[in-house]
Every structure is written in C-alpha cells, then in structure tokens.
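Data first, discussion second: the structure below is written as structure tokens.
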Amino acid sequence: QRETQIQSRLTAFGRVQGALSALDTALNALGRKTTFAAGKATVNGQGVTAAVSGTPALGRYAVAVTQLARTQSTASAGFDSATTDIGKGTVTIKSGDGKTTLATIEIGDAGAGTLTELRDEINAAGIGVTATLINDGAKTRIVLVSKETGAAQGFQVSTSKKIESLAFTTTQAAQDAKYSINGLALTASTNTVANAIDGLTLTLTQAPPAGSPPGTAISSEVVVEPDAERMKTAVQDFVKTYNDLGKLIAELTKYDPNTKTAAILNGESVLRRIQGQISGLARGTMTAAAGDFSRLSDIGISLQADGTLKLDENKIGELAAAGPTRLARLFTTTSTLEAEQGFAVRLRAAVKAVIEPAGTLESRQEGLRASIKTIDQQQERMQARLALIEQRLRRQYSQLDALVTGRQSQSNALANALAGLPSLQKT
C-alpha cells in the first residue's frame with residue numbers, strides 16, 4: 001500500500017513535469033527574436049506566389065514576369081505502335097551546346113529495334129533526360145524531356161543512318177525564367193526562386209501568352225509585413241501553458257474540508273515553491289527604456305485573483321500589427337541582471353532550473369524513487385524471513401506428524417493387547 005501510494009505521487013509529479021515542459025516550450029518560442037522578426041507575404045496581382053522562408057525585410061516588391069522557365073521536349077516521328085520495327089542503330093544524346101555526350105543508346109541488338117526498347121534504354125542511362133511514349137490515337141511517338149527546367153538543361157538528339165526515320169524534332173525549347181523585381185531584370189533556371197529576395201521564396205506561375213508584344217509582363221506586388229498572428233499565437237501559448245500548470249498544481253494539492261480528503265500531492269512544499277517563484281516573476285517588472293513596456297499588464301496580460309493570467313487578445317493583436325520591436329524587447333531581452341531580462345528569458349530560466357536533471361522537481365522525484373527502492377528491499381527481506389519461518393514450521397509439522405503416528409501405533413497395540421486378555425466375570 002505504501003509503495004502504491006508513492007508510485008501515485010510519482011505519477012502526479014510526472015504530470016507536473018509535463019506541464020512545466022509545455023510551458024518551457026512556449027517560453028522558448030516567445031523568447032526567440034525570430035518570433036517577432038517574422039514577416040508574412042501577401043501577393044496582390046498574378047504571375048507569382050510568395051512564401052516566407054526566413055526573415056525577410058518588411059516592404060513592398062513589384063514583380064513582373066515576362067517568361068517562365070521550361071524543360072526541353074523533343075518528339076520522334078509517329079509509328080504504328082510502340083513495338084513497330086524501327087531498325088537497328090544508335091541514338092546519341094548530347095548537351096545543348098553539343099560538347100558533352102550524355103548517352104549513346106544502341107537499339108535492335110537482339111532483334112528488331114522498337115520505341116519501347118529505346119525508351120527503356122534512355123531511362124536506364126540515368127542522364128538528365130527521360131523518355132516516354134505518347135499515343136495520339138493514330139500514331140505512337142517517343143518523347144524526350146529534360147528532367148529540369150532552364151536553358152542549360154537543353155540537349156541534342158541524333159541518330160545513325162539506319163534509324164533516321166525517328167526524325168526527332170524539338171517541340172519545346174529549354175529556357176530560363178525572366179522576371180524583374182522593382183525594375184531590376186533577373187533570370188532563373190527554375191520557376192521557384194529562393195534567393196532573389198532575402199527570406200522569401202518566389203514561385204513564378206504565369207507569363208504573358210505566346211505572341212504577346214515584346215516587353216509584355218504579368219505584374220504583381222509582394223507585400224511583406226509583420227506576422228502579427230504568429231506573435232499573437234506565441235503569447236497565447238505562453239498564457240495557456242502558464243494557466244494549465246497553475247490549474248494542475250491546484251488540482252493535485254487541494255484539500256476538501258467537507259469530505260476531509262486531500263489530493264495526492266497535498267502538503268508538497270516543493271510545488272508551492274515552484275508556483276510561487278513562477279507567479280512572482282510573472283507579476284514582476286523589467287528595467288526598460290523610456291517608451292518600452294516593463295510589465296506584462298502593459299500588453300494586456302493581467303493576473304487574476306485565482307492566480308491565472310488573462311490575455312486581452314485584441315490589444316496584443318493591435319500591438320503586434322503596429323510594430324513588434326517593443327514586444328520583442330519585453331520578452332527576448334538578455335542580460336546578466338535579472339531585472340533587465342525579458343519575461344520569457346527569466347521565466348524560462350526559472351522553469352529549466354526546476355525540470356533539468358539536477359533540478360528541484362527531479363530531486364523530489366528521486367527521493368520518492370529511493371523510498372520505493374527501500375520498500376522493495378524491505379519486501380525482499382520480509383520474503384526471506386517468511387521463507388525461513390515456512391521451512392521451520394514445515395519441519396516442526398513433520399516432527400509432530402511422526403510423533404502422532406508413533407503414538408497412534410502404540411495406542412493400537414495397547415488396544416489389541418487389552419482385547420486379548422480373558423474376560424473377568426463375577427461369580
């Protein structure tokens with residue numbers, strides 16, 4: 001029973017450890033400068049999409065697309081089927097400038113050469129060109145396509161004389177993307193551009209229709225502004241995990257005077273110390289420059305009578321949208337002096353001191369585990385004693401059983417002897 005009770009306390013402490021770890025995770029996000037430096041990209045217009053991939057500079061970027069990057073596509077003449085005999089010969093694939101031979105394909109070595117054989121040979125060559133068969137309902141062609149976009153991915157195809165009937169024709173030339181950012185002309189080998197604007201990835205999606213006059217472009221504007229929602233979410237997560245921890249500790253330490261029952265961790269002073277330290281830091285102030293925030297209440301986080309925090313979501317949203325600099329300093333400022341540290345920094349330091357391997361909570365749990373170990377050792381000693389007592393009792397029983405058996409034999413012998421005596425009758 002004692003061991004079961006201690007194990008239940010350990011389990012309860014494990015729940016507290018989990019709640020503290022969740023708070024630590026929230027504080028870690030809230031204490032990173034990148035959380036408040038994050039931007040979001042909005043595109044007005046067509047031709048491009050934008051995604052934040054780092055920490056882009058806030059601003060507006062005019063993007064005009066004049067040409068998309070493309071792969072090269074080269075098709076053969078049409079044949080009756082994929083297995084039609086096209087002859088025996090060599091197909092040579094070279095780089096776009098003709099200086100490098102990418103592959104030399106021999107077909108018809110084992111009989112009739114076919115489009116199927118040529119397709120399989122090209123795909124097995126492992127070069128930057130893939131082959132597929134296309135049937136237009138009447139004829140079958142082999143189509144070679146560069147694996148990647150860009151002018152540098154172009155290729156040349158030639159055949160030996162015996163298989164000239166393949167008659168390869170380029171139906172789409174490889175080309176680079178052409179676009180501009182704020183009037184600066186740029187090119188790219190792909191339609192996904194990750195380095196044109198620091199911290200942004202642009203995807204070019206639309207170019208002017210074929211035949212458009214020179215200089216025609218698809219224009220749009222990429223607007224990068226503070227990601228207020230991300231900042232608000234980070235603050236919300238902190239408030240939620242803080243309150244979850246407080247409610248859990250209250251649940252595990254409560255006492256009901258009506259039923260005179262106490263929760264499993266009632267009386268654990270270590271929890272009161274932890275809660276008091278964290279709530280004290282949350283109620284505190286930080287040394288701040290003129291015009292900066294110095295208390296959590298300045299940004300709409302107020303302490304309630306029950307010890308929980310309440311967040312004014314409208315206020316934090318407005319502050320995040322207006323400019324994250326002051327918010328960032330309130331949470332992320334680092335210093336050797338605690339009074340100058342941001343709230344996320346100082347609170348996380350306090351939480352880590354509790355949950356780290358040599359921390360307050362782990363020390364208490366280690367004490368409980370030591371108690372379980374002691375009880376286990378006591379049980380082992382008790383079992384050993386019981387085993388010895390059982391052996392002694394069995395030995396005594398065997399001796400008594402033998403004694404009773406002997407006495408029974410004597411009794412039977414005496415009874416038989418008495419039964420053999422002549423009967424005495426009065427005369």
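Given a Förster distance of 35 Å, report the FRET efficiency between GLN46 and ALA322 from their Cβ-Cβ distance, rounded to the nearest 0.05.
Working from the Cβ atoms, E equals 0.70.
What is the distance, in nm, between label points placed 7 Å from the Cα along the Cα-to-Cβ direction at GLN379 and at ARG395?
2.9 nm
With Cβ to Cβ distances under 11 Å as the rule, what net charge do the other residues near GLN72 carry (K, R +1; D, E -1)?
Neighbourhood net charge equals +1.
Write down, largest first, the equivalent ellipsoid semi-axes of region 193-284 in whole Å, where each equals the square root of 5 times an eigenvalue of the alpha-carbon gyration tensor.
61, 14, 10
Which log10 I(q)/I(0) values does region 1-108 give at q = 0.15, 0.20 Å⁻¹ under the Debye formula, counting every alpha carbon as one identical point scatterer?
-0.94, -1.14
Taking the C-alpha atoms of the chain, how large are the radius of gyration and the largest Cα-Cα span, Dmax, in Å?
Here Rg and the maximum Cα pair distance are 42.6, 162 Å.
Using only DSSP helix segments of four residues or longer, with each worth -39500 (n - 2.57), what per-residue ellipticity at 222 nm results for the chain after dividing by its residue count and rounding to 500?
Taken over the chain, the calculation gives -14000 deg cm²/dmol.
Calculate what fraction, in whole %, of the accessible area of the chain sits on carbon and sulfur atoms when a 1.4 Å probe is rolled over the protein chains.
51 percent
Say the cut-off is 22 Å between C-alpha atoms; which of LYS147/LYS178; LYS33/LYS315; LYS88/LYS147; LYS310/LYS352; LYS260/LYS310 go over it?
Table pairs above 22 Å Cα-Cα are LYS88/LYS147; LYS310/LYS352; LYS260/LYS310.
Please work out the average accessible area per residue across region 130-254, using the 1.4 Å probe convention, and give it in Å².
In whole numbers, region 130-254 has 52 Å² accessible per residue.
Is any residue of region 261-304 close enough, with backbone N under 17 Å, to a label point placed 7 angstrom from the Cα of GLU313 along the Cα-Cβ axis, and if so, which?
Answer for region 261-304: 300-302.
Using only Cα atoms, figure out Rg for region 76-198 and give it as a multiple of 2.2 N^0.38 Å.
That works out to 1.27 for region 76-198.
Among GLY111, GLY89, GLY291, whose Cα projects farthest towards the positive end of the dipole of the chain, with charges put on the beta-carbon of Lys, Arg (+1) and Asp, Glu (-1)?
Positive-most Cα among the choices belongs to GLY291.
Normalised by the number of residues in region 1-144, what is the relative contact order in percent for Cα pairs under 8 Å and 6+ residues apart?
Averaging sequence separation for qualifying contacts and normalising by length gives 17 percent for region 1-144.
Along the principal axes of its C-alpha atoms, what lengths does region 29-73 span, in descending order and rounded to whole Å?
Largest first, region 29-73 extends 51, 24, 12 Å along its Cα principal axes.
Hey, can you find the accessible area per residue of region 1-115 for me, probe 1.4 Å, expressed in square angstrom?
47 Å²
Enter the Cα centre distance for the pair region 310-389 and region 29-91, rounded to the nearest angstrom.
46 Å
Normalised by the number of residues in region 1-82, what is the relative contact order in percent for Cα pairs under 8 Å and 6+ residues apart?
Averaging sequence separation for qualifying contacts and normalising by length gives 17 percent for region 1-82.
The values are calculated or read from the model by the stated rules, or taken from the named source; none is laboratory data. Because the structure is a prediction, the values reported are computed rather than measured. Positions of Cβ are generated from backbone atoms using ideal geometry, with glycine treated the same way; all protein chains shown enter the neighbour counts. What goes into the accessible areas is simple: the full protein's heavy atoms, side chains included, and nothing from ligands, DNA or RNA. Shrake-Rupley method; radii C 1.70, N 1.55, O 1.52, S 1.80 Å.
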